[in-house]
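Here's the structure we're looking at; comments come further down.
Each reported figure results from applying straightforward, stated rules to the coordinates on display, with no laboratory input. For clarity, every value in this text was computed on a predicted model and none was experimentally measured. Cβ sites come from the backbone with ideal geometry, for glycine too, and all protein chains shown count toward neighbours.
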Amino acid sequence: DAQESRGLGDVYKRQVCIVKHRHAWMIRAISRKLGIINRFDCHPVLPMQKEPRKVREFRRREQEILDTALKLFLEQGEDSVTVEMIADAVGIGKGTIYKHFKSKAEIYLRLMLDYERDLNELLHSADVDRDKEALSRAYFEFRMRDPQRYRLFDRLEEKVVNCLLYTSPSPRDS
């Protein structure tokens with residue numbers, strides 16, 4: 001019985017690893033195809049160097065756009081939300097959104113990247129390194145902590161993949 005239980009744990013670990021690698025590979029591939037991977041990499045800052053105020057403000061506004069978009073997507077559904085609605089909710093012009101993101105699909109992708117980055121940090125935490133059984137628990141707890149958000153990101157992933165596979169990307173989405 002204990003051996004069978006341990007075997008199931010191994011199966012879950014393998015599934016988590018497969019899912020983790022599939023998501024990471026897919027997001028990197030999509031990012032490269034859209035030409036936006038470098039924009040989402042960490043921005044290294046030298047230790048004794050402070051970012052200029054304009055750069056800090058640009059990043060703060062970008063994060064505010066993402067937070068607002070996520071909130072609207074969860075409340076109203078991603079198909080109902082337009083870039084203009086996001087801009088209005090943030091209190092900026094629609095053109096300002098396009099200074100940060102090429103399209104609504106890029107907003108989707110950035111939200112997915114941030115979500116996957118959070119998951120990756122959890123899966124590489126010290127707790128998971130110490131307790132191998134914690135890997136599967138951590139993965140499923142993370143995904144089920146906010147089921148509505150989990151379902152949103154599954155839908156967004158499907159939209160981004162379908163957009164890339166079946167249509168040519170347009171510079172501006174609604």
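So here's what we get for this one:
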quantity: For region 62-110, fraction of C-alpha pairs farther apart than 14 Å, in %; calculated: 38 percent
quantity: Listed residue pairs exceeding 28 Å between alpha carbons, taken from Lys50/Lys159; Lys102/Lys159; Lys54/Lys159; Lys54/Lys102; Lys50/Lys104; Lys50/Lys132; calculated: Lys50/Lys159; Lys54/Lys159; Lys50/Lys104; Lys50/Lys132
quantity: Pair Gln148, Arg56: separation of 7 Å Cα→Cβ label points (nm); calculated: 3.4 nm
quantity: Semi-axes of the equivalent ellipsoid for region 79-174, Cα gyration tensor, largest first, Å; calculated: 32, 15, 12
